[in-house]
1. If only one of L141, L155 is under 23 Å from A85 (Cβ atoms) and open to solvent by 50 Å² or more (accessible area, probe 1.4 Å), which one is it?
2. Please determine, by comparing only the residues of segment 337-387 that are within 30 Å of the chain's Cα centre (by Cα) and polar (S, T, N, Q), which one is surrounded by the fewest Cβ atoms within 10 Å (Cβ to Cβ).
3. Across segment 4-29, what is the total count of residues that are open to solvent by 40 Å² or more (accessible area, probe 1.4 Å), among the aliphatic types (A, V, I, L, M) and closer than 30 Å to L345 by Cα?
4. Report yes if some residue within segment 179-195 is among the aromatic types (F, W, Y), under 30 Å from M58 (Cα atoms) and outside any helix (DSSP H, G or I); otherwise report no.
5. Looking only at segment 30-43, decide whether some residue is open to solvent by 20 Å² or more (accessible area, probe 1.4 Å), closer than 15 Å to F186 by Cβ and not aliphatic (A, V, I, L, M).
6. What residue, among those in segment 416-445 that are among the aliphatic types (A, V, I, L, M) and not in a helix (DSSP H, G or I), is surrounded by the fewest Cβ atoms within 10 Å (Cβ to Cβ)?
7. Please determine whether any residue of segment 392-410 is farther than 25 Å from I291 by Cβ, outside any loop (DSSP other than H, G, I, E, B), open to solvent by less than 20 Å² (accessible area, probe 1.4 Å) and acidic (D, E).
8. Can you find a residue that is outside any loop (DSSP other than H, G, I, E, B), over 28 Å from the mean Cα position of the chain (by Cα) and modelled with pLDDT of 90 or more anywhere in segment 163-173?
Amino acid sequence: MRRIRPRRSPAVPLLLAVWAGAAAVVWLWWMDTPSIADNNGRILNAGRITGLLAGYLMALVVLQMARVPALERRVGSDRVARWHAMTGRYTICLVLAHLFLTMWGYALQSGKGFGGIVQQTIDSVNTLPDMGKAAIGTGLLVLIGFISVGWLRRLIPYDTWYHVHLLTYAAVFLTFWHQLSTGNDFAVEPVAKTVWYGLYGSVTALVLWYRILSPIRLNLKHRMRVQAVIEETPGIVSVLISGRKLHRMGAEAGQFFRWRFLAPGMRFSSHPYSLSAAPRPNMLRITVKAIGDHSAALRDLEPGTRVWAEGPYGALTAGKRSRGKVLLVAGGVGITPMRALFETLPGASGDLTLLYRANTTQDLALWDELAAISKERGARLMYAVNSPDGERPDISAESLRRKLPDIDHHDVFMCGPPGFAQQVYDALRGAGVPARRIHHESFEM
């Protein structure tokens, strides 16, 4: 406790590196762009730069899907997921702009005019090298972007969305080749072509290692199985998972795995669930609320069912801590990582406080365990539930300051639904807690 050294996020250096890469792409385009004398040249060169930037961002989209530990455990899985979504949106916009501008420029060049863009596109797909593959890849990218729109994403079953989203790899592969075969910048700059191969080759190697080979190695080594399923409260179950030398997986309290249970009807579903207890040498535990088909099916798992896991992921760990006193805030099933941290975070008597928000006292999952931990550690345990008439409890800056007068000297870890998390975040900021000491991770990916 005398040497609390928070683990610093590499987010800022990584973002600077991304912008530096984009600047290098613009510089390549600028150096290879001759003097532009007419409108047709402007349109074609605008198509070139949008295509180059789209190709660069495609590599970043795949990198952000690669589950690289430096990103997943240091930056945070939720933040990387937001980067991935934002990069994907920019990529699709640039791809469509590149397609439109380039075909428009070619149409003008061949005398077809603006109205000949569609015919020019058909002619280019049929005659230019690798354009057929690029057309299929572009179609896949548009499909993936469409089903990822917020309102539609919420209507589609998670497994369907997840597996369609994996087509991003195919889309990037199909669109890659025409960049080199038809791109003027790579034809006149062999060094640029080599760098482009290096960029895509490095990203491909990371995907193969961290998304395929590392999970295979982890599961062959630890051979996990379901040991027991325990109902905690109506609709919430804990799954005990046994295995060999699980402490060597490097998992920490607050992290999560992507779990695949090799039971009938569940083999092709992989979902993220947090550890709800500190990892043991031969035991892991997750606690899950039945809010979908996959989570509801967990209660019927048979002991001995094989488990396939990927991870650990997440940056909501003790490494974020920068102060001696800590407030843990949980909403609903968000108690799972908070319970593990409540058990393991170092602290003297009175240093740790846990606030648990639920609709009713019957929804307070793991409450007996939390009470036992609180008593053993001299920690403070509070709950906030609706009144008998349904009135929601007051979680505001004023109420937090009343409960913890020195709250502005605390680190805060929280996990819960997005609306709840935003409400608590606003209350904490109003109570004087700096943003850098409010640690939150969402697992809705």
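1. Checking each option against the conditions leaves just L155.
2. N359
3. Residues flagged as open to solvent by 40 Å² or more (accessible area, probe 1.4 Å), among the aliphatic types (A, V, I, L, M) and closer than 30 Å to L345 by Cα within segment 4-29 amount to 3.
4. Checked against the condition, which is being among the aromatic types (F, W, Y), under 30 Å from M58 (Cα atoms) and outside any helix (DSSP H, G or I), segment 179-195 yields no hits at all.
5. Yes, the conditions are met somewhere in segment 30-43.
6. Ranking the qualifying residues of segment 416-445, first place goes to M445.
7. no
8. no
The values are calculated or read from the model by the stated rules, or taken from the named source; none is laboratory data. Here the structure is a predicted model, which is why all the values come from computation and not from measurement. Glycine gets a Cβ as well: all are built from the backbone with ideal geometry, and neighbour counts include every protein chain shown. We work out accessible area using only protein heavy atoms, side chains counted, and drop any ligands, DNA or RNA first. Shrake-Rupley method; radii C 1.70, N 1.55, O 1.52, S 1.80 Å.
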